[in-house]
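The values are calculated or read from the model by the stated rules, or taken from the named source; none is laboratory data. Just so it is clear, the structure is predicted and the values come from calculations on it, not from any experiment. All Cβ positions, glycine included, derive from the backbone under ideal geometry; neighbour counts span all protein chains shown.
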Amino acid sequence: MSESSLLPAWHRGPRIDTAWLAIVLIPLALALFDPSQLLPTLRFALGALWDTAPFIAFAVLAVAWMKATGAEGLLARAFEGRELRMIVLAAMLGGLSPFCSCEVIPFIAALLALGAPLSAVMAFWLSSPLMDPAMFLITAGTLGVKFAVAKTVFAVAMGLLGGGLVKAFASGAVFADPLREAPAAMGCGCGTNPFSGKPVWAFWQEAQRRAAFVTSARSNALFLVKWLALAYLIEALMLRYVPAELIADLLGGPGAWPVLLGALVGAPAYLNGYAAVPLVDALLAQGMAEGAAMSFVIAGGVSSIPAALAVWALVKPRVFAAYLGIALLGAVLAGFTWGAMA
């Protein structure tokens, strides 16, 4: 227990959202140190946000509909039957799930409690943070439909790779007895039992489901607007202040090095899957290789702090290390493949 948790509520002070704080501080810093760039930066960010607005709206409404109807519970059917079938379906459905990273924890905990094999769980774990309906739309609107489709394919392939490796080495020391004795209680508190009840398609007939629709739409809209606004501000700063030659020298050109560096940089530097899209767009404009861009988003998506914490909360360190290793391997393979195709 941290010392701050021992303090009375009035003494702890309000919690500050660092993303919103950065959105405020960036224009203030420009106004102080480079006033001539303030209006161009704001125009760029607002224009990009406006262009992305239709994708945001559709994604928000689609996810809210899934939440209100309870359709996300249908994903549990992927974890029934033969193990190989479970791995394939888990990898495919991972990219369609509307769960945020913290909601993955109760979902996976319930699956493991019901005896789902670690191989299928790993397949879902690896593919889920890489793509979802909202992220597909944002990626397609910014980086193009081809990149979004390719990332979706690589997300499924990542799940298949991880699930296959875990199945192949299930009897080894790494994956034996994988779960913690008492999984850490982590997350945002928004997760519920994914197996309770059946979908109710006419959700508007029940007050509780109408409220769930409104709550989900509001929270997801704020989430997307916050991170995309910050990302577009950073993109404008990168285009203005980061020399294109530097990006081209480090992450541009053919060969293995840009792809490897993209994966290694993406793993620790990733902030958020949605925020990464405009940043990658800026990096590509400054000379980043296509293969490096793909390895960056794949490695970063799986190893980002929210996604990684979901895994750390439930499994032992050796399984967590295998999760990260598979993420880097899959990211490099995806980068090489996309670089050869692009």
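Among the residues of region 294-311, what is the count of those that are in contact (Cβ under 8 Å) with a residue 60 or more places away in the chain and either surrounded by 20 or more Cβ atoms within 10 Å (Cβ to Cβ) or touching a strand residue (DSSP E or B) at 6+ places or on another chain (Cβ under 8 Å) (or both)?
Just the residues of region 294-311 that are in contact (Cβ under 8 Å) with a residue 60 or more places away in the chain, to begin with: 294, 297-298, 301-302, 304, 306-307, 309-311.
Still in the list and also either surrounded by 20 or more Cβ atoms within 10 Å (Cβ to Cβ) or touching a strand residue (DSSP E or B) at 6+ places or on another chain (Cβ under 8 Å) (or both): 294, 297-298, 301-302, 304, 307, 310-311.
Total meeting the criteria: 9.
If you go through region 10-19 one residue at a time, do you hit one that is at negative phi, part of a helix (DSSP H, G or I), within 19 Å of the chain's Cα centre (by Cα) and modelled with pLDDT of 80 or more? Spell out the reasoning first.
Taking region 10-19 as the starting set, the residues that turn out to be at negative phi are 10-12, 14-19.
Then drop every residue that is not part of a helix (DSSP H, G or I), which leaves 10-12, 18-19.
Narrowing the set further to residues that are within 19 Å of the chain's Cα centre (by Cα) leaves 18-19.
From the residues that got through so far, the ones that are modelled with pLDDT of 80 or more too are 18-19.
Yes, there is a match, as at least one residue in region 10-19 is at negative phi, part of a helix (DSSP H, G or I), within 19 Å of the chain's Cα centre (by Cα) and modelled with pLDDT of 80 or more.
From the residues in region 298-342 that are more than 24 Å from VAL149 (Cα to Cα) and aromatic (Phe, Trp, Tyr), which one is modelled with the lowest pLDDT?
TRP312
I'm checking my understanding of the structure. Among residues of region 231-259 that are surrounded by 18 or more Cβ atoms within 10 Å (Cβ to Cβ) and of a type in the set (Gly, Ala, Ser), which one is nearest to the chain's Cα centre (by Cα)?
ALA231
Tell me, yes or no, whether region 207-230 has at least one residue that is among the hydroxyl-bearing types (Ser, Thr, Tyr), in a helix (DSSP H, G or I), surrounded by 19 or more Cβ atoms within 10 Å (Cβ to Cβ) and modelled with pLDDT of 75 or more. Write out each step before concluding.
Taking region 207-230 and keeping what is among the hydroxyl-bearing types (Ser, Thr, Tyr), we get 215-216, 219.
Next, from what is left, pick out any that are in a helix (DSSP H, G or I): 215-216, 219.
From what's left, surrounded by 19 or more Cβ atoms within 10 Å (Cβ to Cβ): 216.
From what is left, the residues that are modelled with pLDDT of 75 or more are 216.
Yes: one or more hits.
Each row is one residue, and each column tells you yes or no for (1) more than 15 Å from the chain's Cα centre (by Cα); (2) among the small types (Gly, Ala, Ser); (3) surrounded by fewer than 24 Cβ atoms within 10 Å (Cβ to Cβ); (4) at pLDDT below 85.
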{"residue": "ILE108", "(1), (2), (3), (4)": "yes, no, no, yes"}
{"residue": "LEU114", "(1), (2), (3), (4)": "yes, no, yes, yes"}
{"residue": "THR139", "(1), (2), (3), (4)": "no, no, no, no"}
{"residue": "LYS146", "(1), (2), (3), (4)": "yes, no, yes, no"}
{"residue": "ALA150", "(1), (2), (3), (4)": "yes, yes, yes, no"}
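For a quick check of your reading of the model, give me the residue pairs whose first member lies in region 128-142 and is assigned to a loop (DSSP other than H, G, I, E, B), whose second is among the acidic types (Asp, Glu), with beta-carbon atoms closer than 8 Å and at least 6 apart or on different chains.
Pairs that qualify, where the first residue is assigned to a loop (DSSP other than H, G, I, E, B) and the partner is among the acidic types (Asp, Glu): there are none.
Out of all the residues in region 93-102, is one or more assigned to a helix (DSSP H, G or I) and either surrounded by fewer than 12 Cβ atoms within 10 Å (Cβ to Cβ) or at pLDDT 85 or above (or both)? Explain how you work it out, then say what you get.
Step one: of region 93-102, the residues assigned to a helix (DSSP H, G or I) are 93-94, 101-102.
The next check asks that each one be either surrounded by fewer than 12 Cβ atoms within 10 Å (Cβ to Cβ) or at pLDDT 85 or above (or both); those that pass are none.
Taking every residue of region 93-102 in turn, none turns out to be assigned to a helix (DSSP H, G or I) and either surrounded by fewer than 12 Cβ atoms within 10 Å (Cβ to Cβ) or at pLDDT 85 or above (or both).
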